[in-house]
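The values are calculated or read from the model by the stated rules, or taken from the named source; none is laboratory data. Keep in mind the model is a prediction, meaning the values are calculated, not measured. So basically every Cβ, Gly included, is an ideal-geometry build from the backbone, and we count neighbours across all protein chains shown.
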Amino acid sequence: MRLLDAWKPASGGPLNIYVHIPFCTQRCSFCNLFLIPVNAEASQDFIGAYVNRLTDDIAFAATAVAPTAVTSVYFGGGTPSMLSLSLMESIFGALRTAFPTWQDAEPCVECGPETIDKSYLQGLRSFGVERISIGVQSLRPAALRHMARRYTADDVERIIADTQDLKMEINADLIYGLPETTTDDFLEDLLRLIELGVDNVSIYPLAVREKTRYQNLPSAHLRKYEMWRLADQVLAARDFVRETYVRYRRKASKTTYRQQKLEFAGVPTLGLGSGARSYAPRLDYAQEYVVSGRASKGIIADYIGSTPDTRTYVGFRFSDGEIARRAVILGLLAGGVNLPRLRADTSSEIWEEFSSAFDELQGNELIDSCGETVFLTTRGRQYSDIAVSRFESLEVLSSRSEFHVR
Ligand SMILES: C[S@@+](CC[C@H](N)C(=O)[O-])C[C@H]1O[C@@H](n2cnc3c(N)ncnc32)[C@H](O)[C@@H]1O
Ligand code: SF4
């Protein structure tokens with residue numbers, strides 16, 4: 001299938017844009033995302049060539065998808081803030097030219113605490129960025145060392161203060177279930193971030209991933225449910241609104257993880273750059289996925305040497321049944337599913353399967369209903385990974401169990 005054809009049904013509608021920057025100062029012990037560790041100064045030419053190629057992708061994409069509105073722009077990675085301000089400026093310039101409406105899209109940039117200072121934030125602000133997200137993971141020196149992360153709690157405090165001075169909004173990520181941390185350590189870190197005034201907090205259970213330094217750790221699988229419950233209570237008591245089981249927003253703040261929220265509501269996402277995933281209307285696709293440093297560098301070098309119209313991707317094509325399953329899963333995670341609408345969009349065979357899953361989840365107090373909407377209870381949020389897996393097809397479950405990264 002040609003990429004242009006995959007995007008035809010989305011033309012004329014809303015669109016999210018995700019830009020992937022696959023460079024980090026080091027690979028953290030828990031991380032198997034698509035990136036290479038580089039020294040930004042030593043690798044200036046390589047990073048510059050990457051950004052050049054990325055701006056070609058942006059211009060080409062605008063010929064494939066002609067959205068009425070760009071609803072969100074998110075820079076993820078990797079560590080996008082490894083790019084110099086002048087490289088960032090050229091990406092924003094390309095986006096502005098290709099998608100003139102992007103500036104209404106509340107652009108957000110993921111930043112590594114060790115890579116930014118106030119003048120970098122000022123630069124981002126001058127390109128129209130009013131929100132950033134930082135990976136904190138923990139404020140404990142021992143845990144940070146164990147994860148191979150190169151900043152301190154003081155750096156995090158300084159960055160939060162800088163964003164406040166500059167009237168920018170900030171999300172902070174924390175991971176729970178980490179080695180070298182207790183439940184109390186995690187809750188104390190969470191309270192400290194709240195006290196420092198972050199606008200959003202995202203709390204992730206440690207996922208023990210293949211091909212990482214943590215791959216042989218015992219999984220904190222059972223402990224994670226209790227840790228989530230305690231954190232959820234702490235956040236609710238401090239006026240944070242739960243948006244998904246991961247992300248919380250300070251009630252007074254308007255900011256949110258807009259891209260994820262819109263994706264859950266069915267807005268397609270165009271991924272740009274090596275390692276980006278795209279969610280077209282009936283096709284999720286990306287380039288081949290690897291973790292090994294040498295293979296990743298080869299893939300990025302191939303990307304730099306290619307042209308936008310000649311690249312090939314791997315993907316998953318959605319049948320009507322898979323679209324219905326995805327709508328239930330994302331709907332439950334985002335806040336609720338409208339039953340009459342789902343019934344209208346679903347074949348009777350799949351509807352029967354859904355009905356018995358809903359009965360079973362209700363019997364276990366994982367979902368409840370209000371009028372025509374079904375939603376996860378607090379217990380359902382706590383066990384959301386188990387609850388929503390009830391709607392996955394055998395095909396998805398078996399391809400996941402067969403998947404191994406290299
Ligand atoms: C897309 S990642 C990249 C963030 C950014 N590069 C950083 O680390 O500062 C966003 C978040 O996902 C979470 N994350 C990534 N890998 C994880 C894992 N194996 N287990 C739990 N959380 C993880 C981390 O909290 C991370 O900050
Ligand atoms: S966690 Fe973030 S900083 Fe660490 S290697 Fe992964 S993407 Fe890079």
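Here are a few things to note about the model shown:
- Considering the range 205-224, the residues that are surrounded by fewer than 17 Cβ atoms within 10 Å (Cβ to Cβ) and within 26 Å of G331 (Cβ to Cβ) include one that is modelled with the highest pLDDT, namely A207.
- Residues being modelled with pLDDT of 95 or more and aliphatic (A, V, I, L, M) - total across the range 96-128: 4
- Looking across the range 70-94, the residues that are aliphatic (A, V, I, L, M), modelled with pLDDT of 95 or more and more than 16 Å from ligand 1 (Cβ to nearest atom) come down to L85, L87, I91, A94.
Listed here are the residues, each with its yes/no results for (1) surrounded by 12 or more Cβ atoms within 10 Å (Cβ to Cβ); (2) not hydroxyl-bearing (S, T, Y).
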{"residue": "G321", "(1), (2)": "yes, yes"}
{"residue": "N338", "(1), (2)": "yes, yes"}
{"residue": "R341", "(1), (2)": "yes, yes"}
{"residue": "S356", "(1), (2)": "no, no"}
{"residue": "S384", "(1), (2)": "yes, no"}
{"residue": "V388", "(1), (2)": "yes, yes"}
{"residue": "R400", "(1), (2)": "no, yes"}
{"residue": "R406", "(1), (2)": "no, yes"}
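- Residue match in the range 56-69 (condition: at pLDDT 95 or above and either within 16 Å of ligand 1 (Cβ to nearest atom) or assigned to a loop (DSSP other than H, G, I, E, B) (or both)): no
- Scanning the range 4-21 for residues that are touching a helix residue (DSSP H, G or I) at 6+ places or on another chain (Cβ under 6 Å) and part of a helix (DSSP H, G or I) turns up L4, W7.
- Hey, S202 within 16 Å of ligand 2 (Cβ to nearest atom) and either at pLDDT 95 or above or more than 23 Å from T163 (Cα to Cα) (or both) or not: yes
- Highlighted here are the helices (runs of 4 or more DSSP H) found entirely within the range 237-340 that include at least 2 residues which are in contact with a strand residue (DSSP E or B) (Cβ under 6 Å, 6 or more places away or on another chain) and closer than 19 Å to F75 by Cα: 258-264.
- Some residue of the range 362-378 being under 25 Å from V246 (Cα atoms), in contact with a strand residue (DSSP E or B) (Cβ under 6 Å, 6 or more places away or on another chain), free of Cβ contacts under 8 Å to residues at least 24 places away in the same chain and not aromatic (F, W, Y): yes
- The one condition from (1) touching a Phe, Trp or Tyr at 6+ places or on another chain (Cβ under 9 Å); (2) outside any loop (DSSP other than H, G, I, E, B); (3) of a type outside the set (K, R) that F34 does not meet is (2).
- With respect to the stated conditions, Y285 is farther than 22 Å from V38 by Cα, crowded, with 19+ Cβ neighbours inside 10 Å, in contact with a Ser or Thr (Cβ under 6 Å, 6 or more places away or on another chain) and not charged (D, E, K, R).
- Some residue of the range 92-108 being within 16 Å of ligand 2 (Cβ to nearest atom) and within 30 Å of L193 (Cα to Cα): yes
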